[in-house]
Amino acid sequence: MVGKVYLIGAGPGAADLITVRGMRLLQQADAVLYDALVQPEMLDYCPQAVLIPVGKRCNKASTAQRFINKMLLDAAHKYQRVVRLKGGDPMLFGRAQEELQALAQAGIACEVVPGITAALAASADAGVSLTSRGQARNVLFATARVGEGEAGSDWVKPVLAADTTVLYMGVKQAAEIAAALLAGGMRPDTPLLIVENASLPNAREWALSLAELPQAADWQLAGPAILLVGEVYRAKQALADELPLQRLG
């Protein structure tokens with residue numbers, strides 16, 4: 001009998017930010033295929049399961065997506081309850097669609113369990129709302145990153161039009177992102193916030209301007225980082241100007 005696969009969002013990092021449904025399914029799982037960004041503490045929820053690492057980390061050694069798809073299919077034919085544990089939310093820059101399609105084509109039942117995405121955790125850590133009455137009425141989630149063999153996208157125009165933008169997987173491309181936004185007409189003094197390891201005890205943040213963004217490409221950040229852009233971060237930028245030590249990378 002073929003098992004069922006659950007695509008579960010692990011959330012932004014902290015083990016206790018997974019949803020109650022996600023935790024319960026982990027506790028019932030026979031096998032768990034987990035991302036590299038999943039914290040080890042989260043795997044304590046499923047000591048009964050066979051643990052299968054399928055590292056997916058930007059700019060790091062990773063398991064190719066086609067092999068992950070095959071591993072999911074193989075696991076579903078071997079185990080009754082299979083969990084694919086994905087960092088953040090599976091449906092946002094998590095390549096869930098490729099896994100859903102592979103499972104559907106193989107006739108394997110699948111359920112998606114949402115998770116808290118990094119943008120929300122970063123905002124909570126920073127204490128700055130993504131929206132603000134009279135200042136920010138819309139939020140854009142975007143990425144400038146283009147995978148191997150993928151066509152590029154015009155991500156600049158939507159960013160220029162948005163009140164607040166969250167750029168995923170962007171810090172390593174900081175210089176290119178800054179150049180593109182400046183060329184598109186964004187003001188050099190536009191405030192930005194970089195948050196590393198959102199939701200974790202070792203979370204760090206840096207407030208800076210768009211003109212200063214290129215320097216971030218040289219920072220040796222140990223954890224995943226997210227880039228937030230918009231006027232809602234103006235007060236953070238002003239505070240950083242007064243306290244330069246907060247800006248050290």
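The values are calculated or read from the model by the stated rules, or taken from the named source; none is laboratory data. Remember, predicted model here, so these are calculated numbers, not experimental data. Quick reminder, even Gly has a Cβ in these numbers, built from the backbone with ideal geometry, and neighbours come from all protein chains shown. Surface accessibility is based on the protein's heavy atoms, side chains included, excluding ligands, DNA and RNA. Shrake-Rupley method; radii C 1.70, N 1.55, O 1.52, S 1.80 Å.
With the condition being touching a residue at least 40 places away in the same chain (Cβ under 8 Å), I'd like the strands (runs of 3 or more DSSP E) fully within the stretch 1-55 carrying at least 2 qualifying residues.
Where strands (runs of 3 or more DSSP E) fall fully within the stretch 1-55 and carry at least 2 residues being touching a residue at least 40 places away in the same chain (Cβ under 8 Å), they are 4-9, 31-34.
Looking only at the stretch 91-125, how many residues end up being of a type outside the set (A, V, I, L, M, F, W, C) and within 18 Å of residue 70 (Cα to Cα)?
The qualifying residues number 9.
Only one of (1) outside any loop (DSSP other than H, G, I, E, B); (2) of a type in the set (A, V, I, L, M, F, W, C); (3) open to solvent by 60 Å² or more (accessible area, probe 1.4 Å) fails for residue 178. Which number is that?
For residue 178, the failing item is (3).
Within the stretch 181-215, can you find the residues that are under 20 Å from residue 130 (Cβ atoms) and assigned to a helix (DSSP H, G or I)?
Residues satisfying the conditions are 181, 210, 213.
Are there any pairs with C-beta distances below 8 angstrom linking a residue in the stretch 194-219 that is over 24 Å from residue 38 (Cβ atoms) and touching a residue at least 24 places away in the same chain (Cβ under 8 Å) to a residue that is assigned to a loop (DSSP other than H, G, I, E, B) and of a type in the set (A, V, I, L, M, F, W, C), with the two at least 6 apart or on different chains, and if so which?
So the pair list comes out as 206/248; 210/186.
All but one of (1) closer than 27 Å to residue 37 by Cα; (2) in contact with a strand residue (DSSP E or B) (Cβ under 7 Å, 6 or more places away or on another chain); (3) modelled with pLDDT of 95 or more hold for residue 223; which doesn't?
(3)
Under the condition of being exposed (fewer than 12 other Cβ atoms within 10 Å of the Cβ) and small (Gly, Ala, Ser), which residue from the stretch 103-151 is nearest to residue 17 (Cα to Cα)?
In this case the residue turns out to be 127.
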